[in-house]
Amino acid sequence: MEGRRILVTGGTGFIGDFTLEALSHLGAEVFSYARRPPETMADPATFIQGDVTDAEGLVSACQTQEIDTIVHLAGYGTTMVQSHPELGVRVNIMGMSSVLEAARMAELRVVFTSSIGVYGQITLPEAASAAEDGPLNPVTVYGAGKLLCEKMGQAYAQNYNLQFIALRVTAV
């Protein structure tokens, strides 16, 4: 990780905070990209205020800071998306679109946090043994959105030679 310049979208969120710290400890220079500043200034990252749905803002931040990788964590969780599906689609899916466009334009790598929600109704014990290539059957708007984002990333990788990986997180 030494020498990497990594932008973490949603860097002020719960997972983002831990991700910034871990990447920093591995020697990366980290940048937190979020709508609101961190509550504490103990963050190991440089904070950049921005909205993940603003592709131009993302491109500008990536070019200005000479970013080589985006770790995309920004978005709403299951409960919020189920309660407000239009907002979930706008932030989670359009946010992914903005990240992929910024990465394409600036030739960056993308690491995306997906979810076990792409498998459908699955319990945590089952998730531990779920095959990555197992059947995908999301039953929530959140899970369907995560699967769509994975597919978008795969399409960008195939069509634009973008380095993309999706990590299916089981529990936070």
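The values are calculated or read from the model by the stated rules, or taken from the named source; none is laboratory data. Note that the structure is a prediction, hence the values are computed from the model and not measured. Note that we place each Cβ from the backbone using ideal geometry, even for glycine, and neighbour counts take in every protein chain shown. Surface areas here come from the heavy atoms of the whole protein model, side chains and all, with no ligands, DNA or RNA. Shrake-Rupley method; radii C 1.70, N 1.55, O 1.52, S 1.80 Å.
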**Asked** Has region 19-31 got at least one residue that is among the aromatic types (Phe, Trp, Tyr), open to solvent by less than 20 Å² (accessible area, probe 1.4 Å) and within 17 Å of the chain's Cα centre (by Cα)?
**Response** yes
**Odd one out for GLU86 among (1) assigned to a helix (DSSP H, G or I); (2) out of contact with any helix residue (DSSP H, G or I) (no Cβ under 8 Å at 6 or more places or on another chain); (3) surrounded by 15 or more Cβ atoms within 10 Å (Cβ to Cβ)** = (3)
**Prompt:** If you check ILE116, ILE93, ILE122, which single one turns out to be hydrophobic (A, V, I, L, M, F, W, C) and open to solvent by 40 Å² or more (accessible area, probe 1.4 Å)?
**Reply:** ILE122
**Prompt:** Which number in (1) closer than 17 Å to THR170 by Cβ; (2) open to solvent by less than 40 Å² (accessible area, probe 1.4 Å) marks the one condition that VAL71 misses?
**Reply:** (1)
**Complete:** Here the residues within region 5-18 that are open to solvent by 10 Å² or more (accessible area, probe 1.4 Å), closer than 22 Å to VAL91 by Cα and not in a loop (DSSP other than H, G, I, E, B) are PHE14, ILE15, ASP17, PHE18
